Amino acid sequence: MAIEENACNDDSQVVTEATSERTVNSATVFRYPFNTMDLGWLVGYIDAFLVKSERWTAAMRLTTCFMTFTVLHEDPLMEDATFQLHKTMLDRSIKKSWPRRNRDISNTFDAAYHVFETICIVSKYPNLDPAGKAGILRMSEKLIQGMEKPMDNVVIKIDLKKKSETLHATLARLQALGRAPESLSAFDALMASLKMVFFCYVASLGINNMMLDANLNKMDSYVCCEGCPCHAKLRTTYTLFIRDVEKTKVIDCLLIMAVKEDDAFLSKLAEGLFTQFDCRSPFLEKPVRRIQNGALFMVRIALFDAFRHVKALLADLRASPASLAPQIDNVVLALYITRREMRGMKGLNEHLPLVNKALATADSIYSRLGTENASQELRTLKDYITKIFFLVSAPEFHLAVHSKDPLVGKGAKLCCRNPDCPGKVKEMLKCSGCRVTFYCSVTCQREDWKTHRFLCKEMGCRKAAPAPIKMAECSTETLKPAAFHG
């Protein structure tokens, strides 16, 4: 839709009153989710607390985790963090301090990373000039054709049929975008196909459930930025130092992956990070709760604890009731925390009966502790906890993520963002500047411009065109794609 484009570039619409500037507290200090992550703490943790044989695997799993969340939300700061960590992996591998392990998995990871790089390159397409767009399309076609070649020396199985079908559809959508280079719908379709290709590869790395509730054909959310509501709120209050949220984000990604994929290695990694960076301490919890979905992060921590305790109980059914009771106590406490937080959240409070069932099941286990009779009840409790975790871990509930429609999950249908809209037009049209907000007409868009301009400009800059690369004529040679060969 083009109704917003002129308005977003029309400086006459921009509010320039000094009053709006006086409300900004410039002394407030932000890092993630409003500035680039500093991963020195994470690299230091891997070096100091993991044995040498586990470092490469841990870094690979973390990078896979970062890639997955970047693809789900098109998060530019998470994208940058992925490139940071991957570069560190290569540097540490050369120095032998993070030695590569399991060649087959490493090669599959390299292939997934190659697809990830392609997605990041193509995502910049809308902001390029015509020549740049044509170059991106040519390069993307070669990259996708390279993905069709079989991977050498890889034992880990990839669904070859699904991969072939997805790559075929991706090439078709790439050609469709070439025929209509200004079509945003054609671009969105291509991005959705590339994301499907990515998930074909990461499925071999243990990522299966993460894509089940993700709508890859339509971005229903956007990550925090300088135009989002929580940034404006944080900038117009007393001085704040929002640091360490990046630690919370990394741990949150690990929690979600560990439970949704039932991954023991990621669970162990998350537990280790908890030991060093306890996000439940008041020092870290307060700033986290100021970020979008911060309260739900605290719920996920509680449920992760409950999940771990139930698995421990299942593994040691015949231990003495006195030693098992404290673990059930922790499960009950976690469920009470979950119920307290969910009660005030529209879209989640309707699932409180499920939490109550989990609590009733946990209470019934006390009398059966130390016997085999507790086994079935514990498995039922584990299923309840997993279902609740899945509910609070839907993409729109991830940390520092907003729904594109502020009314999604609140029992309301998509509507015009202009609060004074008469509501007579049924069709919703998307702003072409931010591609996040919907209006029913140019009139409504213009009336809401004073409020919307900050978000529109920030989101429009998120996919800035890369710096031009100088070209030189040289002879053509055929090389093997590095990502697909050992």
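Laid out as a table, the results:
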quantity: Packing-based order for 363-374, 75-86, 439-450, using average beta carbon neighbours within 10 Å, highest first; calculated: 75-86, 439-450, 363-374
quantity: Full-extension gain in nm, Asn208 to Ala172, via 0.36 nm per residue minus C-alpha separation; calculated: 10.4 nm
quantity: Relative contact order (percent, whole number), the stretch 245-401, Cα cutoff 8 Å, 6+ residue spacing; calculated: 29
quantity: Phi-based couplings in Hz for the stretch 312-317 (Karplus 6.51, -1.76, 1.60; Gly and Pro marked x); calculated: 5, 5, 5, 7, 9, 5
quantity: At R0 = 51 Å, FRET efficiency that the Cβ-Cβ distance of Ala48 and Thr443 yields, to 0.05; calculated: 0.30
quantity: Per-residue Cβ neighbour rank within 10 angstrom, fewest leading, Ile388, Ile105; calculated: Ile105, Ile388
quantity: Fully extended contour minus Cα-Cα distance, from Asn373 to Asn25, at 0.36 nm per residue; calculated: 119.3 nm
quantity: Mean Cβ neighbour count within 10 Å, used as a protection proxy, ranking 53-61, 296-304 highest first; calculated: 296-304, 53-61
quantity: Packing rank of 286-293, 223-230, where each peptide gets the mean count of other beta carbons within 10 Å, highest leading; calculated: 223-230, 286-293
quantity: Under 20 Å, Cα to Cα: Lys pairs in the stretch 37-140, sequence gap 8 or more or different chains; calculated: 6
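Readers should treat all values here as calculations from the given coordinates under stated rules, not as data from a laboratory. Given the structure is predicted, the values throughout are model-derived calculations rather than measurements. Neighbour counts are summed over all protein chains in view; Cβ atoms, including those assigned to glycine, are modelled from backbone coordinates with ideal geometry.
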